[in-house]
Amino acid sequence: MRVPGNSGGTRSHAEWSAWFLVALGIAVVCAAFTKFAVAQQIGKVVEFGLYSDDYKLLKKTTTIPIKSGVRFGFCFEADIEFFEDSYMLVESLEHPPTAAGDSGADTGYSVPRMFVVRGGVASGCSSFRARDVTDLQRGIWKFTISDGADVLVTQEFNVR
């Protein structure tokens, strides 16, 4: 409440409380947008590149040659705060369109998959193996491991 005749700009307790709540609301909204805009991966890539058929790393690289039999991918670790032996995450791969027979073009997949968990850390590997050159298209191939809406880790490769 203002004091009659006081034009010095003194605010009452109620006005200060209202301003505080408005400022707090703005701060919360800004924090939410900042978190969304600066989305960080929860996990980390521990290995990536070209692999043998028995999943041994042959070469650490993100540049993948177009050739038959090539296998590329990555391995990761992610804190998930789950303490059982395994946990279901979603493995996704997005890539430029490749021929998919009568069904048109294939641009990737998204599948649920169980991963090993030790001490609250999920770990595993994800890869793609081209049977022949028609399985590969030039461009960016992006692997993602997620837990619901939370992206745990991503790894991109440039196929050329």
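The values are calculated or read from the model by the stated rules, or taken from the named source; none is laboratory data. Quick caveat, the model's predicted, so the values are computed rather than measured. All Cβ positions, even for glycine, are placed from backbone atoms using ideal geometry, and neighbour counts span all protein chains on display. The accessibility values were calculated without ligands, DNA or RNA, using every heavy atom of the protein model including side chains. Shrake-Rupley method; radii C 1.70, N 1.55, O 1.52, S 1.80 Å.
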Residue in the range 120-156 that is farthest from residue 53 (Cα to Cα), counting only those that are open to solvent by 40 Å² or more (accessible area, probe 1.4 Å) and not in a strand (DSSP E or B): 149
Breaking point among (1) more than 20 Å from residue 65 (Cβ to Cβ); (2) open to solvent by 60 Å² or more (accessible area, probe 1.4 Å), for residue 117: (2)
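Condition (residue is closer than 20 Å to residue 44 by Cα, without any contact (Cβ under 8 Å) to a residue 60 or more places away in the chain and of a type outside the set (S, T, N, Q)) applied to the range 67-76: is it met by at least one residue?
So the first thing to find is which residues in the range 67-76 are closer than 20 Å to residue 44 by Cα, and the list is 72-76.
Add one more test, that the residue is without any contact (Cβ under 8 Å) to a residue 60 or more places away in the chain, and what stays is 75.
Cutting the leftovers down to of a type outside the set (S, T, N, Q) gives us 75.
Checked the range 67-76: at least one residue is closer than 20 Å to residue 44 by Cα, without any contact (Cβ under 8 Å) to a residue 60 or more places away in the chain and of a type outside the set (S, T, N, Q).
Looking only at the range 99-112, decide whether some residue is among the polar types (S, T, N, Q), in contact with a strand residue (DSSP E or B) (Cβ under 8 Å, 6 or more places away or on another chain), exposed (fewer than 14 other Cβ atoms within 10 Å of the Cβ) and over 23 Å from residue 43 (Cβ atoms).
Let us first name the residues in the range 99-112 that are among the polar types (S, T, N, Q), namely 103, 107, 110.
Next, from what is left, pick out any that are in contact with a strand residue (DSSP E or B) (Cβ under 8 Å, 6 or more places away or on another chain): 107, 110.
Cutting the leftovers down to exposed (fewer than 14 other Cβ atoms within 10 Å of the Cβ) gives us 107, 110.
Checking which are over 23 Å from residue 43 (Cβ atoms) leaves us with 107.
Checked against the condition, which is being among the polar types (S, T, N, Q), in contact with a strand residue (DSSP E or B) (Cβ under 8 Å, 6 or more places away or on another chain), exposed (fewer than 14 other Cβ atoms within 10 Å of the Cβ) and over 23 Å from residue 43 (Cβ atoms), the range 99-112 yields at least one hit.
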